Amino acid sequence: VQAALGQIFNRGPEPAKFQACLPLLRDFQDPDAWAYVVEQAGSSDVGRVRTALNWIGDTKRVEQPPPPRLLRQLEKLVAGEAGQRRAVVLVLAKFGGQESIGRVIPLVADPDEMVAKEAETCLYSQPDRALVQRLLNDAARGTNPVLQNRARDLMAKIGRS
């Protein structure tokens, strides 16, 4: 099934490629499908954006770190427009470990308030609270004053919960 979906994704026409992404995300955590769906979150097609964000949101959380190839692809997309940055946060929220959490923390200082709030929500909902606290503490000692303040605020909020 994964190989057949991969063929559709790699060689199929655009609508079929997009449709192949959902099972590739949900069932196989395919890094290329993840990156493609994040790219679609920056589309000018409102329906495609909504579908991409819904698919990301509907994909189950895995406790493992994201695949290195996915991280490399997301690094490129985090420089994109706000919709793509928000989708990057949503994708990273589906994974665990320092690799994903460490990439979300700088986004709590994103100039787009939706991206920043999504990053806070992601960090607040991470099951490994000790890791989140440690990485936020590191960010609070950094050089970005906006990130320092937001990291301190988020640490306090997590500490109260």
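The values are calculated or read from the model by the stated rules, or taken from the named source; none is laboratory data. On a predicted model such as this, the values are computed, not experimentally measured, just so you know. When we count neighbours, we look across all protein chains shown, and the Cβ atoms used for this are built from the backbone with ideal geometry, even at glycine. In case anyone asks, the SASA skips ligands and DNA or RNA and just uses the protein heavy atoms, side chains included. Shrake-Rupley method; radii C 1.70, N 1.55, O 1.52, S 1.80 Å.
Calculated translational diffusion coefficient of segment 10-161 (25 °C, 0.890 mPa s; Stokes-Einstein with Kirkwood radius over alpha-carbon pairs) equals 156 µm²/s.
Packing, taken as the mean count of other beta carbons within 10 Å per residue, orders the peptides 68-81, 95-108, 30-43 from highest to lowest as 30-43, 95-108, 68-81.
Relative to the longest principal axis of the Cα atoms of the chain, the long axis of helix 113-125 lies at roughly 80 degrees. By the rule of a C-alpha distance below 24 Å, with chain neighbours fewer than 8 residues away ignored, the lysines paired with K117 are K60, K76, K94, K157. Computing the accessible area with a 1.4 Å probe over protein heavy atoms, can you report the carbon and sulfur percentage for segment 1-152? After summing per-atom areas, the C and S share lands at 52 percent. Only one residue of A151, Q73, L22 has its Cα farthest out toward the positive end of the dipole of the chain, where Lys and Arg carry +1 and Asp and Glu -1 on Cβ, and that residue is A151. The angle between the Cα long axis of helix 82-92 and the main principal axis of the chain comes to about 90°, on a 0 to 90 degree scale. Annotation: per residue accessible area for segment 45-138 equals 47 Å², rounded to a whole number [probe 1.4 Å, protein chains only].
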